[in-house]
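Laboratory data are not the source of any read-out in this text; all were calculated from the coordinates shown. Computed from a predicted model, the values in this text were never measured in an experiment. Please note: Cβ atoms are built from the backbone with ideal geometry, for glycine as well, and neighbour counts cover all protein chains shown.
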Amino acid sequence: MSFIRSDIAKLAAYTPHPGGETTHPVDHLDTNECPLDLPQEIKDKLTWLYQQEIEANRYPDGSHYQLKNAIAEYVNESANLGAIIDLPNISVGNGSDELIRSILIATCLGGEGSILVANPTFSMYGILAQTLGIPFVSVDRNEEDFSLDLEAANNAISQTTNPPIRVVFVVHPNSPTGNALKEAELNWLRNLPGNILVVIDEAYFEFSQTSLVPELAKHPNWIILRTFSKAFRLAAHRVGYAIANSEFTAILEKVRLPYNLPSFSQTAALIALQNRNLILPLIGEILEERERMYQALSSDESLQVWQSNANFIYLRLKNLSPQSQHTQLATITTKLKQQGTVIRHTGGGLRITVGTKEENNRTLSRLSSSTLLNIK
């Protein structure tokens, strides 16, 4: 395999839902999916459309025209600012991952730029940059609240010159830690020079109800990413979208693959938007369960649990060295998996997706059965 790039040969593949046998039904609380499937009436509608209207022998709509229009309407409605977003401001991808990859291709490929991230954060920024041979610079977050270390970020931008930082990635609210951007961080983003692209990932917008869409017109170097995989319950369909000034979305259209989104995925996203009154009310239940989980986990004095603006909770064990922390969290993760609860050990802590009430009860029960924890 000597024809393979040396850096790719050393790169570990991203493996969601890591393998391993369990004798229990599995509660997948590791990928921040919505805990319930689509309402049956929507699934029935999709079944009818697949049987009667979608022609499997035809390519999908490569322009995404209907879906983009529906997304623009939804974004405007959720921003509550009138028709500030139009069809040319939208680009659609096969999940947000494709859009991230297109952004990297359009800005940094060929040795023209580096990216900046603050860890812990969504790992795909760094992974996708590595697969494209793009350097990425990582700075730390403040341990108390996981806000960006702005001094370190400024130093990274000023000191990284070959190639310079072209793109800054932030998540609002961040994964895996659940914190929304604070005013100091927002002001920093607002004051970055126009030759740096700011990517604001709002994958969890529907849970946080905090968005920077109203500021896009003031910042032509900003782009916002969102997904249908979380609150809209369409993880199986892999639909993401970008909101940006029309000049940049036109660039994304140049670098994306043709027919990148299958007909059934486009249809599912369109139907979900048209029936969001049936889908999005579940968010209230998830937020109630999140608060219940937070209170229960916080009752254990050995745990440091952070408030979350998303559909998951992040925690660590108190007063441990990094090595002991890693070892004990790995043990907890393994024990939970053996009992049928899969969570994510990442960024030096545990990220637990908020599931159904029954799933959350099992999670709390299984955690409290560990000799390490004493959850009430």
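Once you mark the chymotrypsin sites (Phe, Trp or Tyr not before Pro) that are in a DSSP loop and have at most 13 other Cβ atoms within 10 Å, what is the longest gap between them in the chain? Numbers along the way, then the final one.
Numbers: sites that count: Phe3, Tyr14, Tyr259.
Of all site-free stretches, the longest is 15-258.
Over the Cα atoms of region 282-331, each weighted equally, I'd like the Debye log10 I(q)/I(0) at q = 0.17, 0.24 Å⁻¹, rounded to two decimals.
-0.57, -0.88
Excluding residues fewer than 8 places away in the same chain, name every one of the lysines whose C-alpha is closer than 20 Å to that of Lys335.
Here the lysines satisfying the reach criterion relative to Lys335 are Lys318, Lys376.
At Lys218 and Glu53, where each label point lies 7 Å from the Cα along Cα→Cβ, what is the point-to-point distance in nanometres?
About 4.0 nm separates the two model spin labels.
At 4 °C and a viscosity of 1.567 mPa s, what translational diffusion coefficient does Stokes-Einstein give for region 277-376, taking Rh as the Kirkwood radius over Cα pairs? Give it in µm²/s as a whole number.
93 µm²/s
Computed over the Cα atoms of region 1-113, what is the ratio Rg over Rh, Rh following Kirkwood?
Values: Rg = 20.4 Å, Rh = 19.4 Å.
Looking at region 1-113, the ratio lands at 1.05.
With a cut-off of at most 15 other beta carbons within 10 Å, and DSSP calling the residue loop, which trypsin sites (Lys or Arg not before Pro) in region 132-237 qualify? Please list them.
On the way: sites: Arg141, Arg166, Lys182, Arg190, Lys218, Arg226, Lys230, Arg233; in loops: Lys182, Lys230, Arg233.
Taking region 132-237 and a limit of 15 other Cβ atoms within 10 Å, the loop trypsin sites (Lys or Arg not before Pro) found are Lys182.
Looking at the P(r) of region 218-342, how many percent of alpha-carbon pairs lie beyond 26 Å? Walk me through the numbers before you get to the answer.
Working: 3751 of 7750 pairs.
Distances greater than 26 Å cover 48 percent of the Cα pairs.
For Phe312, what residues show an amide H to amide H distance below 5 Å, using hydrogens built from the backbone and excluding near sequence neighbours?
Val354
What's the whole-number percent of alpha carbon pairs in the chain lying beyond 25 angstrom?
Details: 40609 of 70500 pairs.
The proportion of pairs with Cα distances above 25 Å equals 58 percent.
What longest range of the chain stays clear of loop-exposed GluC sites (Glu not before Pro) (DSSP non-H/G/I/E/B, at most 12 other C-beta within 10 angstrom)? Mind showing how you got there, number by number?
Values: sites that count: Glu21, Glu53, Glu55, Glu112, Glu143, Glu144, Glu301.
The longest uninterrupted stretch comes out as 145-300.
Starting from the Cα of Gln209, step 7 Å along the direction of its Cβ; do the same at Gln40; then give the gap between the two resulting points in nm.
With each label point 7 Å from Cα toward Cβ, the separation is 3.1 nm.
Val137's amide H: which non-local residues (gap 5+, or another chain) put their own amide H closer than 5 Å, with H modeled 1.01 Å from N in plane and none for Pro or chain starts?
Residues meeting the amide H criterion: Ile115, Leu116, Val117.
Nearest 5 percent is fine: what portion of the DSSP beta bridges confined to region 41-278 is antiparallel? Don't skip to the end; give the middle numbers.
On the way: 11 of 28 bridges.
Rounded to the nearest five, the antiparallel share is 40 percent.
Cross-link candidates for Lys230: which lysines have Cα within less than 19 Å, leaving aside residues fewer than 8 places away along the same chain?
Lys43, Lys68, Lys357
Under the definition of Cα pairs under 8 Å and six or more residues apart, what whole-number percent is the relative contact order of region 41-278?
The value is 27 percent.
Mind listing which trypsin sites (Lys or Arg not before Pro) in region 291-362 are in a DSSP loop and have 12 or fewer other Cβ atoms within 10 Å?
Details: sites: Arg292, Arg316, Lys318, Lys335, Lys337, Arg344, Arg351, Lys357, Arg362; in loops: Lys318.
Loop-located and lightly packed - Lys318.
Work from the charge dipole of region 292-376 (Cβ charges, +1 for Lys and Arg, -1 for Asp and Glu, about the Cα centre) and give the residue of Pro322, Gln304, Thr363 farthest towards its positive end.
Thr363
Bin width 5 Å, origin at 0, all Cα-Cα pairs of region 35-80: what percent of pairs per bin?
Percent of pairs per bin, in order: 5, 17, 13, 18, 26, 16, 5, 1, 0.
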